Amino acid sequence: MTRLAMVIDLNKCVRCYACVYACIRENILRYGDGKIFYPPVENVIYYSRTRPFSVYDDNGNAIETVLAQCEHCEDPPCVEVCPTGASYISKDGVVLLDSNKCIQCGLCIVACPYGARTRLTANFDGEPLHDYAIKVGIPDKCTFCYHRKTDDNSLWTPACVEACAFNARMFGDLDNPQDPINEILNSKKYVVPKIDFGTRPKVFYVTNKPLALEKYPVRKPLQEILNFGIWSYVKKKIMEPIVLVGTSLAVILGAIHIVREHAREKREKEEVQEEVEKEEVN
Ligand code: SF4
Ligand code: SF4
Ligand code: SF4
């Protein structure tokens, strides 16, 4: 088995946010005609799949900044609530989303206790770098840069890991005892966010601080995103079927009408023919 996971060493991290911008460059921005295209949002960091959040102590003082992202939970509520199976766990333990199956209902956005999922609500120009890049309407989150996976199944390097000059990010396989991330998790103090949720998160934060990640910032999805989801759900689940049934009925009734008309014309012609024949006999 393979269970891919990430370690973010908050002791090494200098908060340069090279990882945040690398993620945006790789997964969010679009390109074409020698230009860069940005999503229509005030602050593009909102769409980065790894975002800085402050953690506060009981007195409301900010004590730490963590890079929050999808936790690639082993028991992910987002997968559990998805009505179409669009959200799923890959065989190497990465939580992914099949945009072809997604009906954009937004249930996964609401179900994620970490607020890891965003949604692009208006389209923009340019070509994405790959198939797993952000798409309008489809809930978006970290994929561990799954598009970088190669056919030989070897471990790839996510864009954020590649960008970190301080080796604060590591990506590896929890099921491979030789993988360096297991040595780190066996020898260093780490925390995982909201462990009490029972989601079994797989992004681990190494820290010397007595950091209670029960206080991990849970980001509420923006109302416009939820509205978009509700509207999309109504459109896909209620209006489109009504239009489909209505159109099908119209086609069927139209066909019945044509057949009946044809039969009536035939009958009339036969009656006229009979009349003519009777006239001729008389
Ligand atoms: S690139 Fe590395 S050091 Fe910079 S913010 Fe990200 S994890 Fe921290
Ligand atoms: S962090 Fe949220 S989006 Fe990511 S796997 Fe867990 S429940 Fe799903
Ligand atoms: S693994 Fe890829 S998608 Fe996930 S935060 Fe890093 S750069 Fe973004």
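The values are calculated or read from the model by the stated rules, or taken from the named source; none is laboratory data. What you see is a predicted model, and the numbers here were worked out from it, not measured in a lab. FYI the Cβ positions are ideal-geometry reconstructions off the backbone, even for glycines, and counts take in every protein chain you see. All accessible areas refer to the heavy atoms of the entire protein, side chains included, with ligands and DNA or RNA removed. Shrake-Rupley method; radii C 1.70, N 1.55, O 1.52, S 1.80 Å.
Here are some notes:
- Within the chain, helices built from complete DSSP H runs that reach 27 Å or longer along their own axis (Cα positions) and carry a mean Kyte-Doolittle hydropathy of -0.5 or higher are 240-281.
- Computed magnitude of the charge dipole of the chain (debye, nearest 20; Cβ of K, R +1, Cβ of D, E -1): 1520 debye
- Close amide H partners of residue 87, meaning residues 5 or more places away or on another chain with modelled amide H under 5 Å apart, are 98.
- Percent carbon-and-sulfur accessible area, the chain, ignoring ligands, DNA and RNA, probe 1.4 Å: 55 percent
- Among the listed pairs 189/209; 12/194; 149/189; 101/149, those beyond 19 Å (Cα-Cα): 12/194; 149/189; 101/149
- Mean residue ellipticity at 222 nm, helices only, the chain: -9000 deg cm²/dmol; runs of at least 4 DSSP H residues each add -39,500 (n - 2.57), and the sum is divided by the number of residues.
- Packing-based ranking of 245-253, 174-182 yields 174-182, 245-253, ordered from highest to lowest mean Cβ neighbour count within 10 Å.
- Among beta bridges identified by DSSP and lying wholly in the chain, the antiparallel ones come to about 80 percent.
- Kirkwood radius and radius of gyration were both taken over the C-alpha atoms of the range 4-221, and their ratio Rg/Rh is 0.94.
- Accessible surface, the range 1-61, averaged per residue in Å² (probe 1.4 Å): 51 Å²
- Database remark: amide H of residue 191 closer than 5 angstrom to the amide H of 205, 206, 207 (H placed geometrically; neighbours at sequence offset of 5 or more, or on other chains; Pro and chain starts carry no H).
- Database remark: amide H of residue 64 closer than 5 angstrom to the amide H of 55 (H placed geometrically; neighbours at sequence offset of 5 or more, or on other chains; Pro and chain starts carry no H).
- Normalised by the number of residues in the range 4-221, the mean separation of alpha-carbon contacts (under 8 Å, six or more apart) gives a relative contact order of 30 percent.
- Simple rule: put +1 on each Lys or Arg Cβ and -1 on each Asp or Glu Cβ in the chain, find the dipole, and look at 208, 272, 18; the Cα lying farthest toward the positive end is 208.
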